[in-house]
1. Which fully enclosed strands (runs of 3 or more DSSP E) of segment 92-141 have 1 or more residues being open to solvent by 30 Å² or more (accessible area, probe 1.4 Å)?
2. Identify the single condition in (1) within 16 Å of the ligand (Cβ to nearest atom); (2) of a type in the set (Phe, Trp, Tyr); (3) closer than 20 Å to LEU107 by Cα that TRP141 does not satisfy, given that it satisfies every other one.
3. Is it true that ALA199 is over 17 Å from the mean Cα position of the chain (by Cα), hydrophobic (A, V, I, L, M, F, W, C) and open to solvent by 20 Å² or more (accessible area, probe 1.4 Å)?
4. Residues that are assigned to a loop (DSSP other than H, G, I, E, B) and open to solvent by 60 Å² or more (accessible area, probe 1.4 Å): does segment 148-155 have at least one?
5. From the set of residues in segment 144-192 that are over 21 Å from THR28 (Cβ atoms) and either under 15 Å from the mean Cα position of the chain (by Cα) or of a type in the set (D, E, K, R) (or both), which is nearest to the ligand (Cβ to nearest atom)?
6. Looking at ALA21, ALA40, ALA32, which one is crowded, with 17+ Cβ neighbours inside 10 Å and in contact with a Pro (Cβ under 8 Å, 6 or more places away or on another chain)?
7. Quick check: is even one residue across segment 47-69 part of a loop (DSSP other than H, G, I, E, B) and of a type in the set (A, V, I, L, M)?
8. Can you spot a residue in segment 1-10 that is modelled with pLDDT of 95 or more and either out of contact with any Leu (no Cβ under 8 Å at 6 or more places or on another chain) or within 13 Å of the ligand (Cβ to nearest atom) (or both)?
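The values are calculated or read from the model by the stated rules, or taken from the named source; none is laboratory data. The structure presented is a predicted model; accordingly, all values stated were derived computationally and were not measured. All Cβ positions, glycine included, derive from the backbone under ideal geometry; neighbour counts span all protein chains shown. For the accessible areas, the whole protein counts, side chains as well, though only heavy atoms, and no ligand, DNA or RNA atoms are used. Shrake-Rupley method; radii C 1.70, N 1.55, O 1.52, S 1.80 Å.
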Amino acid sequence: MTPAPASPTDIRLPPAYRLIAMDSVGSTNDEAKKLADQGAEEGTLVWARKQTKGRGRHGRTWTSPRGNLYLSLILRPECALAEAAQLGFVAALAVGKGIGAVAPPLLEVTYKWPNDVLVHDRKVAGLLLESKTTAEGILDWLVLGVGVNVQSHPEDSRFPATNLIFEGVGPDVDEAMVLQAFCRQFLTLVNRWTEDGFAPIRSLWLPHAHGLGKTIEVGLGMEILRGTFRELDETGALILELPDSSRRTIAAGDVLFAA
Ligand code: BTN
């Protein structure tokens, strides 16, 4: 764990956050999980300039060179774990709106279920939610890991990827700007979610949903289902209409393809 060369005092975050800035770390999620276990308060945010063991969903590697954004935020929501998973939609929207705040208005941001952020149909950001519940089944902490491709993206990813500079946000946009924009948006959206529940978040997410109304393929572990993406239900589950017109409610999985 090496301290960041750039002073974190240059970063302006709302007072709800406590920033821990690092130059390099294995995984900001692992660091945040350690801190959460030691009792770190909600709003503790681990930010690293690069990761040597960045992790994606389903045990995949998240390639993490300098120039992109890697952050993990500790949250302690007072709700059941299933409900807390809706924070993934809150965070995806905060990334999308944060990008909108630093980018030209013509950049098209969409959201791929459950928590990916796309620019011009290519993945620009991904989220990794990890949590711990007590022996009594109460949610202790949730770590929200966010990776945004600002300057580079992997060429060999399962779903096509891109980065913000390539998409024309302007060469002066850097990861520190995206970090600050994300944090401002997340605070507004998470307060809305706490006060009004998932409905307003769903209403913001749905008009920009990738593949809605189209044929999609959803990966569920070893199984792949093909059907029409009909709805996002009131909990955040994807409603897939199968070729025999039956409907499947999918709470966890990955959209692999949208025609
Ligand atoms: C995915 O789309 O598979 C999720 C990618 C999540 C990557 C971020 S980068 C910051 C945080 N630390 C990690 O090791 N992973 C998450």
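1. Result: 122-133.
2. Here TRP141 meets the rest and fails (3).
3. Judged against the criteria, ALA199 is a match.
4. Yes, some residue in segment 148-155 is assigned to a loop (DSSP other than H, G, I, E, B) and open to solvent by 60 Å² or more (accessible area, probe 1.4 Å).
5. Among those residues, the one meeting the criterion is ARG158.
6. Only one candidate qualifies: ALA21.
7. No, that holds for no residue.
8. no
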